[in-house]
Amino acid sequence: MNGFVENLPLLSVITFTPLLGVLLLLTIRADDPEIVARNSRWVTLWVTVGTFLASLLIWTNFDSSTADFQFVEQAAWFPEFGISYHMGVDGISMLFVILSTFLMPLCVLASWDAIKTRVREYMIAFLILETMMVGMFCALDMVLFYVFFEGVLIPMFLIIGVWGGARRVYAAFKFFLYTLTGSVLLLIAILAMYFVAETTNIPTLMTTDFPFQMQFWLWLGLFASFAVKVPMWPVHTWLPDAHVEAPTAGSVILAGVLLKMGAYGFLRFSMPMLPLASEYFTPLVYGLSIVAVIYTSLVALAQEDMKKLIAYSSVAHMGFVTVGIFAATQQAVQGAIYQMLSHGVVSGALFLCVGVVYDRLHTREIGRYGGLVNNMPKYAFVFMLMMMASVGLPGTSGFVGEFLILTGVFQVNTWVSLLTATGVILGATYMLYLYRRVIYGELVKEDLKDMLDLSRREIAIFAPLCVVVMWMGVYPMSFLVVMEASVTKLITDYHAALDANALASGLVDGVRLALGR
Amino acid sequence: MEAAAIFLPLVGALIAGFFGRQIGDRASQVVTCLGVGLAAVLSIPLFFDVAVNGNERVVTIMSWINSGTFETSWALRFDTLSAVMVMTVTCVSSLIHVYSVGYMSHDDSKPRFMAYLSLFTFAMLMLVTADNLVQLFFGWEGVGVVSYLLIGFWFKKPTANAAAIKAFVVNRVGDFGFLLGIFGIYLLFDAVTFDTVFNAVPAHVDDTVTFFGIEGHALTLIALLLFVGAMGKSAQLLLHTWLPDAMEGPTPVSALIHAATMVTAGVFLVARMSPLFEYAPAALEVVTIVGASTAFFAATIGCVQNDIKRVIAYSTCSQLGYMFFACGIGAYPAAIFHLMTHAWFKALLFLGSGSVIHAMSDEQDMRKMGGIWKHVKVTYAMMWIGTLALVAVPPFAGYYSKDMILEAAYGAHTSVGQYAFIMGIGAALLTAFYSGRLLFMTFHGEPRADKETMDHVHESPLVMTLPLAGLALGAIFSGMIGYDLFIGDGRFDFWRDALAVVGEDPIEAAHHVPAWVVWSPMVVTVLGLGLSFHMYMRRPEIPGQLAAKFPVVYQFLLNKWYFDELYDFLFVRPAFKLGNFFWKRGDQGTIDRFGPDGISSSIISGARRLGAVQTGYLYHYAFAMIIGIALFVSWIVVGG
């Protein structure tokens, strides 16, 4: 088994299996659209389940004692420019690959009955999306990364624009406008780095010293792109609209994986390649993140639309993540990664929870619901668990990330930790308030009385999510161990670079002093 | 055995919670009662082994969160303090479980209720046996969330839902302080495990740190942050508003959560962290002042409330104040002793009132009771026992613990100690008064209920009265039995290192106070009971006249010092308003308007304007060309 895995280009297999699934879907020939739809669903389900199982091989064969990239594949692509097809994972990216492949089958199941038109095309879009996401987390070449990073936008744009709700076109364009603006600047930054380092190889770039003046502009270029993806305040307004209009599964991927791309970018590029600029801009990131936490939590409190509320809560939760990353301590960064994984599962599950009632009543307006616990106790349980994970109850996944982030941040800046921690109170407020309005109370509205509890298909979706949320809360070491070495290296290198710079400028000052100037 | 005592309630909760529908109501009740009951049985030998024989130990189960130097594990720490807590919690909880079988017999979600009760007990046990602050926080939040579920148990009632959210959110405000305290401890000690932290405390006594721009004594700042958490959980002044509302839950819940266990968690936290608090004298003064003020403040409100459970709720609030100021003056053993005796008699009072409510067809307003003592003699007797224990009449349990607290406060010979003593005596007077008032209004005088209700008044079944009797035994004897071990001569061998005292031992000082100090609690108790007897038995018209004569004072007390209104005005409404403002004016009115929408609309309008230039008339183009040529030529002439 091990020998087999070692010889296999595992990352490429996982990345491109979904594309093989696309080819399979294209071969389906039938006159009856019903049959096409049914076959498309089953094929996609099996392909995504297979991809997930294959991705588990990375985990079982992963060596968590080293911070090096593993499962590395490299092949010449544009040799004359030093661009190659270069894949590999470390402790930071590996779990995101698993997260992406894990959510995918659940998305297919969630779309089973909800998507009735152009099912095959829908499934194709999702499979392409999976390839792009997995590829992005595995890419070790900046150009390759850029291709995947931007490639993600296209299927998502189509998913929102074709299968979305009433204002889908507006939402899709807003999404595209925001992300594309950032992308242009990212591309310019990549080109600039290439001209200095003469390579786009990520591990090489990590060890390249860029002068501070250059880091300054490169950092802003990367930031423009990543901040939109996170999203950070004030470039977050595309998210609520995109979520509201996207079909349920689209929201799951959007919240579960796409929001992590920005923060992943900070970890993979900004911090290791541009440490001086990262330190310089840390106050900016702190400021924007704190505003995000408080501002969007309050906005979430005022929402009447379930999806919008959860979308705003995502912005607040990602505020924790960005604070954690730039605090640059072991706990804060591990916490940030953990928070991303947890948020991927929990917000995905919360959007699925909205999807469950949306499928039945076709509205997301909170006021239309109430008293669902009376006829949907299983649903109420799942919703409760996910809500508690979202507010960071110890014993669920949400606690570990939040707690580690705040612990780590407190070590470097008590004010930031204090202000970010207000999110703990506000988060509880809007989530409990949502839950009370939807689930509790007397069941009086006529159209709610016929709503059935979770079906078997829906239980199959939620059961793995519940297990993961508890597992991540009770025994987080399974995940923390994986990322530990890589995060330690990231932090050590980061501080070493800052120290070296401080020493150098200290030397310059010393020489100036000696020369009597 | 250690693990079984803690995890059996969880097992019961999981079985009843997930399979309640399949196995039925009766089996769910049996399973949960068995789980907690067995835990209680196990806790007694454990108590003797750990506390009396001195076999302290830590049972590590597995690691939890490790990151860099930050390390926590799931572990069960058994020392005298946790052994006392485990025994009290499991014993009281198992009696409450049995009582619930009877009390909830007309409810249609019995398995859910029993599962919640057991889950709550488990969380409380994890809290008290934690060997590090993070696991303590797990239990802390665990009891918080289950109390949220239990207070909102009757989820069809809007008031119950509102109370549940209020309890959770107000507690979260306290947790916010607690969390920051944990971060501070990690910053200072590089560890969150109790033993490591306590061993390192002496080395950090004079450290100063800067938290939030305040440079100060490190241990004091940390202690104050932790105390904010304790205030939230134990419903102390400013963060007390959730407790009375929490009476929306079923009565056994009130007994379990709001008397015996959860609300005492704050006191437990301060006692547990005593090795740290002892080196933070300024923080201890704050603890004393807050505790003493709460003891008095809550008692004043208790005197005018009409809901039987709310009276007891405010009484709890007030008694917790006593425990806190006992901690504040360093008399931790007395605080824990009072915590233990209070658990028995306050649970008894709550369950007794539950029995009354049960008898009165779910009526909770004392103004609609009266004259029922002949019909519910057992309950009546039980309520008297609980009351005598609460007002500290010898030889009932409260006498031993409460008097010790008051004497220790006087014996401390500090100004805050004197303040606590005066407030404590004042609160004792009021306690006797409202307790007498409760008894007389509920059981004596003319029946004020309608005839139908009165005809239905009946004694509760054995399944409810037996647990009452069990609690009554505790309310009578726990003080006598525990006196020597907890605060008598045996206290040094009993507590060993579980509670720290630096400097003079306040318990020792309490044994040497003047006679009038010893006698004064007794005097005010008699006074208070006598006054209530006079006002509610002999001259029942007095209270109404008083209320009419001092309407401002009466309304002020009746409305609980207007804290709810104040918070609503200060926090709740502004939060919603700000949220709406940020959403409409911030997101839509500013970011979108000048961002994506603005850009796209300006592009569109720009394109329109450009389009408007292309009119199609030849002379327009010709005119433009001439102007262009003219400009071009003048530019060459002037510029060139």
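Against the conditions (1) in contact (Cβ under 8 Å) with a residue 60 or more places away in the chain; (2) surrounded by 22 or more Cβ atoms within 10 Å (Cβ to Cβ), where does A:P155 fall short? Just the number, please.
Going through (1) in contact (Cβ under 8 Å) with a residue 60 or more places away in the chain; (2) surrounded by 22 or more Cβ atoms within 10 Å (Cβ to Cβ) one by one, A:P155 breaks only (1).
Which ones in the range A:400-415 are more than 7 Å from chain B (Cβ to nearest Cβ) and open to solvent by 10 Å² or more (accessible area, probe 1.4 Å)?
If the condition is that a residue be more than 7 Å from chain B (Cβ to nearest Cβ) and open to solvent by 10 Å² or more (accessible area, probe 1.4 Å), then A:E402, A:V412, A:N413 are the ones that fit.
Does A:T488 satisfy being more than 10 Å from every other protein chain (Cβ to nearest Cβ) and open to solvent by less than 60 Å² (accessible area, probe 1.4 Å)? Before the answer, list the steps.
Working: more than 10 Å from every other protein chain (Cβ to nearest Cβ): no; open to solvent by less than 60 Å² (accessible area, probe 1.4 Å): yes.
When the stated conditions are applied, A:T488 does not pass them.
Exactly one of (1) within 14 Å of chain A (Cβ to nearest Cβ); (2) surrounded by fewer than 11 Cβ atoms within 10 Å (Cβ to Cβ) is unmet by B:L618. Its number?
(1)
What's the number of the only condition in (1) within 14 Å of another protein chain (Cβ to nearest Cβ); (2) over 21 Å from B:L127 (Cβ atoms); (3) part of a helix (DSSP H, G or I) that B:L14 fails to meet?
(2)
Which of the numbered conditions does B:F155 fail, given that it passes all the others? Conditions: (1) in a helix (DSSP H, G or I); (2) open to solvent by 10 Å² or more (accessible area, probe 1.4 Å); (3) facing chain A (nearest Cβ under 8 Å).
Of everything listed in (1) in a helix (DSSP H, G or I); (2) open to solvent by 10 Å² or more (accessible area, probe 1.4 Å); (3) facing chain A (nearest Cβ under 8 Å), B:F155 misses just condition (1).
Being open to solvent by 70 Å² or more (accessible area, probe 1.4 Å), away from chain A (no Cβ under 14 Å) and more than 30 Å from A:F176 (Cα to Cα), is that true of even one residue in the range B:594-614?
yes
Give B:A259, B:A230 a once-over and let me know the one that is among the aliphatic types (A, V, I, L, M) and within 17 Å of B:L284 (Cα to Cα).
Testing whether each residue is among the aliphatic types (A, V, I, L, M) and within 17 Å of B:L284 (Cα to Cα) leaves just B:A230.
Table: residues versus (1) in contact (Cβ under 8 Å) with a residue 40 or more places away in the chain; (2) closer than 21 Å to A:L95 by Cα.
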position: A:F326; (1), (2): yes, yes
position: A:M340; (1), (2): yes, yes
position: A:G355; (1), (2): yes, no
position: A:F381; (1), (2): no, no
position: A:L418; (1), (2): no, no
position: A:G441; (1), (2): yes, no
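Could you tell me which residue of the range A:284-339 is farthest from the other protein chains (Cβ to nearest Cβ), considering only residues that are within 19 Å of the chain's Cα centre (by Cα), closer than 20 Å to A:V412 by Cα and of a type in the set (S, T, Y)?
A:T322
Conditions tested, residue by residue: (1) within 20 Å of A:S417 (Cβ to Cβ); (2) assigned to a helix (DSSP H, G or I).
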site: B:V134; (1), (2): yes, yes
site: B:L150; (1), (2): no, yes
site: B:V197; (1), (2): yes, yes
site: B:V201; (1), (2): no, yes
site: B:D206; (1), (2): no, no
site: B:T220; (1), (2): yes, yes
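I'm trying to understand the selection: among the residues of the range B:493-507, which are open to solvent by less than 80 Å² (accessible area, probe 1.4 Å) and either of a type outside the set (D, E, K, R) or in a helix (DSSP H, G or I) (or both)?
Hits for the range B:493-507 are B:F494, B:W495, B:A498, B:L499, B:A500, B:V501, B:V502, B:G503, B:P506, B:I507.
Could you tell me which numbered condition A:A302 fails, if it satisfies all but one of (1) farther than 14 Å from A:L434 by Cβ; (2) surrounded by fewer than 24 Cβ atoms within 10 Å (Cβ to Cβ)?
For A:A302, the failing item is (1).
Being crowded, with 22+ Cβ neighbours inside 10 Å and without any contact (Cβ under 8 Å) to a residue 24 or more places away in the chain narrows it down to one residue among B:N171, B:N161; which is it?
On inspection, the qualifying residue turns out to be B:N161.
Going by the structure shown, is A:G355 in contact with a helix residue (DSSP H, G or I) (Cβ under 9 Å, 6 or more places away or on another chain) and outside any helix (DSSP H, G or I)? Explain how you work it out, then say what you get.
Details: in contact with a helix residue (DSSP H, G or I) (Cβ under 9 Å, 6 or more places away or on another chain): yes; outside any helix (DSSP H, G or I): no.
When the stated conditions are applied, A:G355 does not pass them.
What pairs can you find where one residue is in the range B:536-550 and exposed (fewer than 10 other Cβ atoms within 10 Å of the Cβ), the other is assigned to a helix (DSSP H, G or I), and their Cβ atoms are less than 9 Å apart, with a gap of 6+ or different chains?
That search, which allows pairs on different chains as well, returns B:A548/B:Y554.
Counting just the residues of the range A:416-426 that are within 7 Å of chain B (Cβ to nearest Cβ) and farther than 12 Å from A:V391 by Cα, which one comes out most open to solvent (accessible area, probe 1.4 Å)?
A:L418
For residues that are on the phi > 0 side of the Ramachandran plot and part of a strand (DSSP E or B), tally how many sit in the range A:66-82. If you could, list the steps in order and put the result at the bottom.
The first filter runs over the range A:66-82 and keeps only residues on the phi > 0 side of the Ramachandran plot, leaving A:71, A:82.
Restricting the remaining residues to those that are part of a strand (DSSP E or B) gives A:71.
So the count comes out to 1.
Out of B:Y562, B:Y554, B:Y567, I need the residue that is within 14 Å of chain A (Cβ to nearest Cβ) and under 30 Å from B:R437 (Cβ atoms). Which one? Spell out how you get there, then give the answer.
Numbers: B:Y562 fails: within 14 Å of chain A (Cβ to nearest Cβ); B:Y554 fails: within 14 Å of chain A (Cβ to nearest Cβ).
Within the list B:Y562, B:Y554, B:Y567, the selection yields B:Y567.
Look through the range B:62-87, keep the residues that are open to solvent by 10 Å² or more (accessible area, probe 1.4 Å) and not small (G, A, S), and return whichever of them is farthest from A:F403 (Cα to Cα).
Looking at residues that are open to solvent by 10 Å² or more (accessible area, probe 1.4 Å) and not small (G, A, S), I get B:M87.
Among the residues of the range A:159-173, write down those that are open to solvent by 10 Å² or more (accessible area, probe 1.4 Å), farther than 10 Å from A:G250 by Cα and in a helix (DSSP H, G or I).
Passing the criteria: A:G161, A:V162, A:R168, A:V169, A:Y170, A:F173.
Which members of the range A:125-152 meet the condition of being among the acidic types (D, E), farther than 16 Å from A:F69 by Cα and in contact (Cβ under 8 Å) with a residue 40 or more places away in the chain? Talk me through it step by step, then tell me what you get.
Quick first cut of the range A:125-152, residues among the acidic types (D, E) only: A:130, A:141, A:150.
Right, trim to farther than 16 Å from A:F69 by Cα and you get A:130, A:150.
Result: A:E130, single match.
With respect to A:S12, determine if the residue is among the polar types (S, T, N, Q), open to solvent by 10 Å² or more (accessible area, probe 1.4 Å) and outside any loop (DSSP other than H, G, I, E, B).
Spelling it out, A:S12 is indeed among the polar types (S, T, N, Q), open to solvent by 10 Å² or more (accessible area, probe 1.4 Å) and outside any loop (DSSP other than H, G, I, E, B).
Taking the stated definitions as given, is B:Y103 under 19 Å from B:I151 (Cα atoms), modelled with pLDDT of 90 or more and surrounded by 24 or more Cβ atoms within 10 Å (Cβ to Cβ)?
In short, no.
List pairs: first in the range A:359-370 and open to solvent by 40 Å² or more (accessible area, probe 1.4 Å), second in a helix (DSSP H, G or I), Cβ under 6 Å, 6+ apart or cross-chain?
Close Cβ pairs (under 6 Å, with a partner that is in a helix (DSSP H, G or I)) amount to A:R364/A:M306; A:R364/A:K307; A:R364/A:Y358.
Given the condition within 23 Å of the chain's Cα centre (by Cα) and crowded, with 24+ Cβ neighbours inside 10 Å, answer yes or no: does some residue in the range B:455-467 qualify? Spell out how you get there, then give the answer.
First, pick out the residues of the range B:455-467 that are within 23 Å of the chain's Cα centre (by Cα): none.
So far as the range B:455-467 goes, no, none of its residues is within 23 Å of the chain's Cα centre (by Cα) and crowded, with 24+ Cβ neighbours inside 10 Å.
With the requirement that a residue be of a type in the set (K, R) and surrounded by fewer than 24 Cβ atoms within 10 Å (Cβ to Cβ), what does the range A:209-256 give you?
Answer for the range A:209-256, where residues must be of a type in the set (K, R) and surrounded by fewer than 24 Cβ atoms within 10 Å (Cβ to Cβ): there is none.
With B:F178, B:F211 as the choices, which residue is within 27 Å of B:T60 (Cβ to Cβ) and either free of Cβ contacts under 8 Å to residues at least 12 places away in the same chain or within 14 Å of another protein chain (Cβ to nearest Cβ) (or both)?
Details: B:F211 fails: within 27 Å of B:T60 (Cβ to Cβ).
That would be B:F178, the only listed residue that is within 27 Å of B:T60 (Cβ to Cβ) and either free of Cβ contacts under 8 Å to residues at least 12 places away in the same chain or within 14 Å of another protein chain (Cβ to nearest Cβ) (or both).
Residue check, A:G510 against (1) under 33 Å from the mean Cα position of the chain (by Cα); (2) under 26 Å from A:S278 (Cα atoms), all met but one. Which one?
So the condition that A:G510 fails would be (1).
I'm told B:V169 meets every condition in (1) within 14 Å of another protein chain (Cβ to nearest Cβ); (2) modelled with pLDDT of 90 or more except one. Can you identify the failing condition by its number?
(2)
The values are calculated or read from the model by the stated rules, or taken from the named source; none is laboratory data. This is a predicted model, so every value here is computed, not measured. Note that we place each Cβ from the backbone using ideal geometry, even for glycine, and neighbour counts take in every protein chain shown. Accessible surface areas use protein heavy atoms only, side chains included; no ligands, DNA or RNA. Shrake-Rupley method; radii C 1.70, N 1.55, O 1.52, S 1.80 Å.
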